[in-house]
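The values are calculated or read from the model by the stated rules, or taken from the named source; none is laboratory data. Nothing here was measured: the structure is a model prediction, and the numbers come from that model. Virtual Cβ from ideal backbone geometry, glycine too; neighbours counted across all protein chains shown. Keep in mind that these areas ignore ligands, DNA and RNA; they rest on the heavy atoms of the full protein, side chains included. Shrake-Rupley method; radii C 1.70, N 1.55, O 1.52, S 1.80 Å.
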Amino acid sequence: MSTAATSLPERNAAEAADLVLGPEAAAPEVLARRARQRRQMYVGQVASYSLAAFVLLLYAHDGAISIDVPSLFWLGGLLIIGTFTVLSEAGVGDKHTDHYLTVFQISAHMALQFVFLVSVPAVGVAFISALFLIFAFGTLRMTSAQAMLTWALAATGLAAVFLASDLPIGMPVATRLQRTASMLCFVLVIGQCAFLGLFGATLRKILYRRSIELKAAYQRIEELAELDELTGSYNRRCIMRLLDAEIEKSRQASVPCAIALIDLDWFKRINDAYGHPVGDEVLRTFAVTIFANIGPDDRFGRYGGEEFLLLLPGTEGDAASRMLERLRGIVADLDWSAFSPGMRVTISAGVVTLRDNDTADTFLARADSALYSAKAQGRNRITTS
């Protein structure tokens with residue numbers, strides 16, 4: 001009778017979800033959405049008061065109340081709605097966390113119901129039933145503290161009407177028209193409460209869906225924060241963190257661990273001769289090739305430039321050397337001429353196994369020394385240390 005959701009609950013619930021997920025420092029587009037949603041809400045409130053005034057008009061036509069009551073009630077509702085519309089357009093609500101000014105709206109609408117309940121007790125059921133609709137609207141916006149406050153105000157008003165007075169609160173049913181009007185009081189309030197419930201249910205579904213999407217987005221962000229953008233392998237920060245973890249795991253479980261520091265031979269010459277875009281494709285193709293030929297527990301990351309680090313947990317030195325020799329052969333045998341005629345790409349690698357006194361730095365230093373030895377011996381080879 002005093003408030004109503006808009007006529008398109010799903011669309012407006014989606015907008016409400018956007019506002020819930022919006023930034024605290026509201027951007028202009030967020031403020032515009034808020035203002036639009038408030039306007040739609042006020043239109044719904046006007047429609048609700050119009051329906052209530054129509055019911056009161058039926059009572060008045062049957063002589064149960066004065067003919068002035070419906071128009072006064074409707075004008076009172078419009079005055080409240082108009083006041084909050086002006087505040088809304090002035091941006092007053094946007095300065096508060098609750099930009100709907102829910103407590104003030106509910107208090108104003110309840111006050112109007114109690115004024116008419118006291119003034120026209122003969123049809124008091126019409127105004128009391130409206131309280132349910134007011135609180136149905138409030139539940140979409142109120143915090144627990146706001147709910148307790150407005151409930152206390154409503155309880156105080158009802159106690160004053162029922163306990164501190166002898167007003168004959170009535171529900172006229174003497175004639176067929178009066179019974180119709182009384183029925184409409186409940187039918188319209190129940191219908192509008194159900195409509196608000198539909199809005200709330202739609203909002204919850206949208207928020208749930210948004211939370212799933214947000215979780216997936218966060219997961220994707222975390223993945224991107226760990227991956228090298230060009231090759232899709234782990235970036236240096238992540239592969240170093242994984243190296244520390246594998247060293248700790250190897251010592252706790254007393255299992256071997258090997259690493260290989262891999263370098264693409266003469267990669268600068270590739271960039272100079274064929275251009276950086278081709279060089280990027282070479283790096284991507286190399287990374288995909290390595291991924292396709294390592295085990296599920298192995299970890300591969302870009303250590304820097306054209307250098308890559310391969311972690312081989314649970315792998316002995318000889319097995320690690322054989323694996324790197326196999327990878328070297330696979331890379332060398334690829335048809336690199338697809339990128340440019342005559343192109344040939346090979347790799348060199350230094351393979352080392354974990355020692356008792358190794359730290360991540362010394363472990364890597366030994367792998368780097370082995371890689372340097374492979375380059376010094378002519379490249380396109382695997383050396384151990």
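Worth a mention:
- Counted without the sites themselves, the longest stretch of the chain free of trypsin sites (Lys or Arg not before Pro) in a DSSP loop having at most 16 other beta carbon atoms within 10 Å is 1-343.
- The chain - accessible surface per residue (Å², probe 1.4 Å): 50
- Distance between segment 360-374 and segment 325-358 - C-alpha centres, whole angstrom: 16
- The alpha carbon convex hull volume per residue for segment 71-163 rounds to 87 Å³.
- 5 Å-binned pair-distance histogram of segment 310-363 (Cα, whole percent): 4, 17, 21, 18, 13, 10, 8, 6, 2, 1
- Computed from Cα positions, the angle between helix 276-292 and the longest principal axis of the chain comes to roughly 90 degrees.
- Taking the Cα atoms of segment 172-285, the ratio Rg/Rh between the radius of gyration and the Kirkwood radius comes to 1.53.
- If you take the Cα centroid of segment 79-129 and the Cα centroid of segment 213-289, the two points sit 61 Å apart.
- Kirkwood-based shape ratio for segment 35-109, expressed as Rg/Rh from alpha carbons: 1.09
- Solvent-accessible area of segment 33-172 (1.4 angstrom probe, protein heavy atoms only): carbon and sulfur portion equals 73 percent.
- With Cα atoms, 0 to 90° folded angle of helix 68-89 axis to the chain main axis: 30
- Spatially proximal lysines relative to Lys268 (Cα-Cα < 30 Å; intrachain offsets below 8 disregarded): Lys375
- Dipole orientation for the chain: of the candidates Leu261, Pro296, Gln377, Pro296 has the Cα lying most toward the positive pole (charges on Cβ; Lys, Arg +1; Asp, Glu -1).
- Net dipole in debye of the chain [+1 Lys, Arg Cβ; -1 Asp, Glu Cβ; about Cα centre; nearest 20]: 800
- Across segment 68-116 the C-alpha pair distances fall into 5 Å bins from zero in the proportions 5, 20, 27, 21, 13, 9, 3, 1 percent.
- For the chain, the equivalent ellipsoid built from the Cα gyration tensor has semi-axes of 78, 21, 16 Å, listed from largest to smallest.
- Among Leu354, Leu364, Ser337 the positive-end extreme of the charge dipole of segment 299-365 (Cβ point charges): Ser337
- Ignoring aspartates and glutamates fewer than eight residues from Lys249 along the same chain, the ones with Cα atoms less than 14 angstrom from its Cα are Asp297, Asp298, Asp356, Asp358.
- Expressed as a fraction of 2.2 N^0.38 Å, the value expected for a compact globular protein of N residues, the C-alpha radius of gyration of segment 32-78 is 1.44.
- Principal-axis tilt of helix 317-333 within the chain, Cα atoms, nearest 10 degrees: 90
- Hits among lysines - C-alpha to C-alpha of Lys205 under 18 Å, sequence gap 8 or more where chains match: Lys215
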